[in-house]
Amino acid sequence: MAGVSGGLVLSFSDQPVTLRAQTITFDEIPLKKLSDPPFTLAATASSGLTITSYSSSNQTVATIAGSLVTMHSLGISQITARQAGNATYAPAKYTRTLYVGKEPQTITFNDILAKTYGDPDFDLEVTASSGLPVSFSITDPSVAEITGGQVHILSGGTAIITASQAGDDSYYPAEDVEHTL
């Protein structure tokens, strides 16, 4: 067979090319909290080729720049590691699930100094690490009453005051803290 410029063009036939399979090793992503700093993904391909890209299925939960994941809201996102392959290796991908969960919180409740019936009303010194409001209960409402974090002593006796914070959409409930009045 002659070519356009007069040279010979050899005939050829299609030959199947078999690419070698590769796998991706991608460790499970531990539960994350919204306040956690960005973190780096580390997947590897059995071929030794560099991971080509990472992607997040839910951009409102997390975005990825290179291999750095930044969390934006509570929720779930599928994180996929891809290796595009080459003339020897077929493309490969592996997906892991990222869970961004609620934040834990704690209550700081300062000790209550000894009080005497007739003492003026006093404030309870309490904060939740979340900044959410703390509520109170008392075991014996005949000893004192609590209004808006202020204690009014009604009689002599002993009562336990419990500080609680129930949590919200972003925070788990705090463990209750008790002090004796």
Worksheet item: Pairs, please: C-beta under 8 Å, at least 6 apart or cross-chain, first residue at positive phi and open to solvent by 40 Å² or more (accessible area, probe 1.4 Å) and in the range 138-166, second assigned to a loop (DSSP other than H, G, I, E, B) and of a type in the set (Ser, Thr, Tyr)?
Response: Gly157/Ser142
Worksheet, complete the sentence: Counting only residues that are assigned to a loop (DSSP other than H, G, I, E, B), under 21 Å from Gly101 (Cα atoms) and open to solvent by 40 Å² or more (accessible area, probe 1.4 Å), the range 40-66 contains a total of 4
Worksheet item: Taking the condition at negative phi, exposed (fewer than 14 other Cβ atoms within 10 Å of the Cβ) and hydroxyl-bearing (Ser, Thr, Tyr), does Thr127 pass?
Response: no
Discussion item. Of all residues being open to solvent by 40 Å² or more (accessible area, probe 1.4 Å) and among the basic types (Lys, Arg) in the range 1-39, which is modelled with the lowest pLDDT? Just the residue, please.
Written reply: Lys33
Worksheet entry | Cβ pairs under 7 Å, 6+ apart, first in the range 68-91 and under 18 Å from Lys32 (Cα atoms) and in contact (Cβ under 8 Å) with a residue 60 or more places away in the chain, second open to solvent by less than 20 Å² (accessible area, probe 1.4 Å) and part of a strand (DSSP E or B) | Leu74/Val100; Leu74/Gly101
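The values are calculated or read from the model by the stated rules, or taken from the named source; none is laboratory data. The model shown is predicted, which means the values in this text are computed figures rather than measured ones. Every residue, glycine as well, gets a Cβ built from its backbone with ideal geometry; the counts of neighbours run over all protein chains shown. Side chains included, ligands, DNA and RNA excluded: accessible areas come from the protein's heavy atoms. Shrake-Rupley method; radii C 1.70, N 1.55, O 1.52, S 1.80 Å.
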